[in-house]
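Each remark here refers to the structure printed beneath this line.
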Amino acid sequence: MTVLEAPPTDHSPRVASANIEDFVVPSGREEEWRFAPVAELGMFMHPDDAAGSMVAQATAHVAMVDAADAEPTAWLPTDRTSAVARAGVRSVVTVRVADDEVVDEPIVVTLAGSASTNYAHLDVRVGRHSRATVVIVHDAGVDVSGSIVTHVGDGADLTMLSIIDGPAERVHLWQWHTDVGRDAHFVGSVVTLGGRVVRILPSVSYQGPGGSAELLGAFLADGPQYLEHRIFVDHAQPHCASNVVFKGALSGAGAHTVWIGDVLVRREATGTDTYEMNRNLLLDDGPRADSVPNLELETGDVASAGHASATGPVRRRAAVLPPVPRHHRAGGAAAGGARILRRCPGPHPVARLASTRARSHRESARDGGSRRRPRRRRDRDDGVTGFLPVCRVGDIAPNSAKRYIVDGTAMAIVRAGDGVFAINDRCSHADVSLAEGEVDGCAIECWLHGSAFDLRTGTPLSLPAIEPVPIYSVRVLGDGDDALIEVDPSPIPAIVAAPGQ
Ligand code: FES
């Protein structure tokens, strides 16, 4: 038995062992099992001689090896189910790429179960300065508990993709550990679509300075699926990088996802660059998403470190695709093509603006001219071009935004708390409408990659955007929902906040 240093969320020592009896049978009260439906995992808590082993077809880089003859690995299971699987698996799937070898075609490993309940062990090793892509396609028709142990040699570049798709009936439990060599680059992606209970535990450690790892995940959960991704990145080498991005969508009663992102930067890991993010989109009121990012720094001498997590409902406007491709330059769906979501009938923003103006004029006429008439002023000498009427306060729901064209410029007009703000509608990271983002306090968050922008300055508050977005002067004439919002279309000069402000 090996006792590992604790990951950030677990302050009791973590056990790593090949001995099953070093792990208690979880009750569900343990930190690492507290979300999981442990009662449904009984078949993997105890050795079962009737369990099969996952197999894969041998190719130029893939082989099946008897477990007794397999090359030893330094990796040890860190929970009961993986210890049971490691002890019980009879065949090991190996993937080998030699030193300096460049494999242009993806190495596809299609796993197949030999029984309804299976153990699995995959041993993936790519040599020094090699380059390869490995795709693991899981057998969705069987229950499986297993491990993937990956070694990326010094200077190597490995991309791996793991796909679990199929009926939402089966159990898939995986530990996936990767050692990243000196100056090596690893991308590990998981796509989780199928399975009744899926629990994937990716972990990364570094074997030398300069390594980088990206852990990417996409998951879709329908009720009653339970999908858990529990990540641990262990920075113990200097000048290494990690980037963790997991995004998912959930729908239906009983759908439950769990994302735990533990990143530990040890004292010796100076110059670390790390970021982790999880986003969960709730498509209706039925599902539940738990998201826990944990970043523990034992040294302040890092290049950068951050994390973010957000879970929220899909907003009506964000759920609606435009009648033309949203990202035509990126090859979006053709206009009129099949879509999951469609734009609700409603006027174009320009038409809304016209109707707002028409309504304003109608109301003014009805009131005998007593209502303030929106009027453009270009005669000011204070540097302000002139305010233009845009809409009424009541046209925008509290803490939300709408897109308007003001003097030829697309703007997001935002109600945030008691304030009204105008910010250019184009995200500075890509051509995406900020009006479709979420308003959070005094910031608006781009829906595509999650950069938030300060509505008072236009400054990006989070990556990936690094450039500010123009903002505009706003004034509100009147009170209540009927108050008129006017905007000066001349951008306010960029405000640069001093450090600490
Ligand atoms: S498009 Fe806005 S953050 Fe990427």
Inset, instruction - Go through region 164-178 residue by residue and turn each phi into a ³J(HN,Hα) via Karplus (6.51, -1.76, 1.60, θ = phi - 60°); whole Hz please, and just put x for glycine and proline. - result: 10, 9, x, x, 8, 10, 9, 10, 10, 10, 9, 9, 10, 10, 10
Inset, instruction - Based on other C-beta atoms within 10 Å, arrange Glu276, Glu169 from fewest to most. - result: Glu169, Glu276
Legend entry - Dipole in debye (nearest 20) - region 2-313, about Cα centre, beta carbon charges: Lys, Arg +1; Asp, Glu -1: 340
Inset, instruction - Would you grab the residues whose amide H sits under 5 Å from the one on Val302? Only those 5+ places off in sequence or on another chain, please, with H modelled 1.01 Å from N. - result: Gly271
Legend entry - Amide H partners (placed H, <5 Å) of Leu461, local residues excluded: Ala452, Phe453, Asp454
Legend entry - Positive dipole terminus of region 101-234, leading residue within Pro106, Phe219, Val233 (C-beta point charges): Val233
Legend entry - Table column - 3J(HN,Hα) (Hz), region 411-423, Karplus curve with 6.51, -1.76, 1.60, x for Gly and Pro: 10, 9, 9, 10, 9, 10, x, 8, x, 10, 10, 10, 9
Legend entry - Net length gained if the chain between Ala253 and Val191 were fully extended (0.36 nm per residue, minus Cα distance): 20.2 nm
Legend entry - Stretchable slack from Glu296 to Thr59, in nm (0.36 nm times residue separation minus alpha-carbon distance): 81.1 nm
Inset, instruction - Kindly work out what percent of the DSSP beta bridges joining two residues of region 2-313 are antiparallel, to the nearest 5. - result: 5
Inset, instruction - Provide the per-residue ³J(HN,Hα) series for region 232-237, in order, calculated from phi with Karplus coefficients 6.51, -1.76, 1.60 and θ = phi - 60°, each as a whole number of Hz, with x at glycine and proline positions. - result: 9, 10, 10, 8, 10, 10
Legend entry - Relative packing of peptides 22-34, 186-198 - highest average C-beta neighbours within 10 Å first: 186-198, 22-34
Legend entry - Radius 15 Å from Cβ of His256, net charge of other residues (Lys, Arg +1; Asp, Glu -1): -1
Legend entry - Segment Glu40-His307, length gained on full extension (0.36 nm per residue, minus Cα span): 92.9 nm
Inset, instruction - Would you please name the trypsin sites (Lys or Arg not before Pro) within region 223-288 that are DSSP coil residues with at most 13 other C-beta atoms within 10 Å of their C-beta? - result: Arg267
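Any read-out appearing in this document is the output of simple, stated calculations on the displayed coordinates, not a laboratory observation. The structure presented is a predicted model; accordingly, all values stated were derived computationally and were not measured. Because the Cβ atoms are built from the backbone with ideal geometry, glycine has one as well, and the counts that use them run over all protein chains shown.
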